[in-house]
1. Within the bounds of region 228-237, is there any residue that is in a loop (DSSP other than H, G, I, E, B), open to solvent by less than 20 Å² (accessible area, probe 1.4 Å), at pLDDT 95 or above and within 12 Å of the ligand (Cβ to nearest atom)?
2. Give Ala100, Ala84, Ala151 a once-over and let me know the one that is small (Gly, Ala, Ser), buried (at least 16 other Cβ atoms within 10 Å of the Cβ), touching a His at 6+ places or on another chain (Cβ under 8 Å) and within 22 Å of Leu47 (Cβ to Cβ).
3. How many residues, within region 178-207, are within 8 Å of the ligand (Cβ to nearest atom) and either over 12 Å from the mean Cα position of the chain (by Cα) or not β-branched (Val, Ile, Thr) (or both)?
4. Which one of these does Pro234 not meet: (1) under 23 Å from Arg122 (Cβ atoms); (2) touching a strand residue (DSSP E or B) at 6+ places or on another chain (Cβ under 9 Å)?
5. Check whether at least one residue in region 37-60 is within 16 Å of the ligand (Cβ to nearest atom), open to solvent by 70 Å² or more (accessible area, probe 1.4 Å) and part of a loop (DSSP other than H, G, I, E, B), and report yes or no.
6. Looking for whichever is at pLDDT 95 or above, away from the ligand (no atom under 15 Å from the Cβ) and among the small types (Gly, Ala, Ser) here; the options are Ala166, Ala216. Which one fits?
7. Only residues that are among the aromatic types (Phe, Trp, Tyr) and open to solvent by less than 40 Å² (accessible area, probe 1.4 Å): list them for region 167-193, please.
8. Go through region 139-157 residue by residue and tally those that are away from the ligand (no atom under 12 Å from the Cβ) and of a type in the set (S, T, N, Q).
Amino acid sequence: MTGEEDPPPSVVDRLPLLTALHAACAAPQPGLLPEPPPEPPGPVVPLPAPDAVRVADGLRGRASPVAGFLPRPITAGALAAILAHAAAGYPGDLPGCHEAPVTVTPHVLVQRVTGVPAGAYRYDRRRHALVAAGGTGDARTTALRTNTRWALPEAAAAVVPVGDQATGGTTFGDRWYRLQQAEAGLVVHRATLAASALGLAARIHSDGTNPATDAALGVRGPLRGLSFLLLGTPRPGSTVTGPLW
Ligand SMILES: Cc1cc2nc3c(=O)[nH]c(=O)nc-3n(C[C@H](O)[C@H](O)[C@H](O)COP(=O)(O)O)c2cc1C
């Protein structure tokens with residue numbers, strides 16, 4: 001059968017709500033960035049100089065681990081590099097985006113990082129430091145899927161881009177959703193590549209994006225975790241026997 005006789009299914013016909021979402025988000029609705037909510041102060045943990053690493057070097061070996069992580073610590077320099085790359089700027093038209101993402105802030109749950117106490121932190125890019133976010137630091141909940149339940153306790157850290165999904169809509173309209181999702185993706189994918197370039201590995205676990213994780217992170221008010229990236233030393237081989245996710 002040729003491609004013409006058997007065309008691929010039409011997304012527009014099959015997923016009208018997704019089509020409407022994309023149409024709404026693509027509409028030009030220029031606006032001003034909302035004032036971010038005040039960031040509560042907390043104890044500051046300075047990070048060491050980031051390990052020198054290029055995200056492009058992470059491309060070759062990058063793969064989402066299927067068997068979770070070995071419960072081994074990573075260095076603070078490695079975490080510093082991962083966060084510095086995750087919070088780097090990008091070419092775009094949002095004010096300030098050349099310096100850093102402007103609709104999300106990377107947060108991190110530290111579990112095994114040498115020299116950094118376990119806990120929940122916001123990454124302060126300007127100070128290159130972690131600011132304790134006041135959460136419990138424990139994101140394990142019964143609602144997690146099987147592979148996340150296994151991987152989470154053994155990962156070295158979780159990187160979570162955090163943002164306010166609502167407020168930007170008042171000035172940017174529906175386009176806010178798309179802008180913020182793009183930045184959230186940028187944060188987790190750059191963190192992934194930096195981890196890979198350092199000989200580590202990372203996997204997005206979308207089910208880790210939930211209210212329990214927000215509580216563990218100390219994320220409050222209009223803020224929400226928008227993605228959830230586990231990282232650490234990959235466990236070799238595949239020990240997954242149940243449904244993957
Ligand atoms: C947006 C996004 C969401 C994902 N969510 C999950 C998830 O919830 N659980 C999971 O195990 N993997 C998740 N992954 C990881 C994908 O399963 C993985 O990237 C995919 O299998 C391709 O493998 P690779 O990353 O090694 O190329 C997600 C990946 C992306 C890009």
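The values are calculated or read from the model by the stated rules, or taken from the named source; none is laboratory data. Note that the coordinates shown come from a computational prediction; the quantities given were computed from them, not determined experimentally. Here the Cβ positions follow ideal geometry from the backbone for every residue, glycine too, while neighbour counts run over all protein chains shown. For accessibility, only protein heavy atoms count, side chains too; no ligands or nucleic acids. Shrake-Rupley method; radii C 1.70, N 1.55, O 1.52, S 1.80 Å.
1. yes
2. Going through Ala100, Ala84, Ala151 in turn, the sole match is Ala84.
3. 6
4. Single failed check for Pro234: (1).
5. yes
6. Ala216
7. Hits for region 167-193 are Phe172, Trp176.
8. 2
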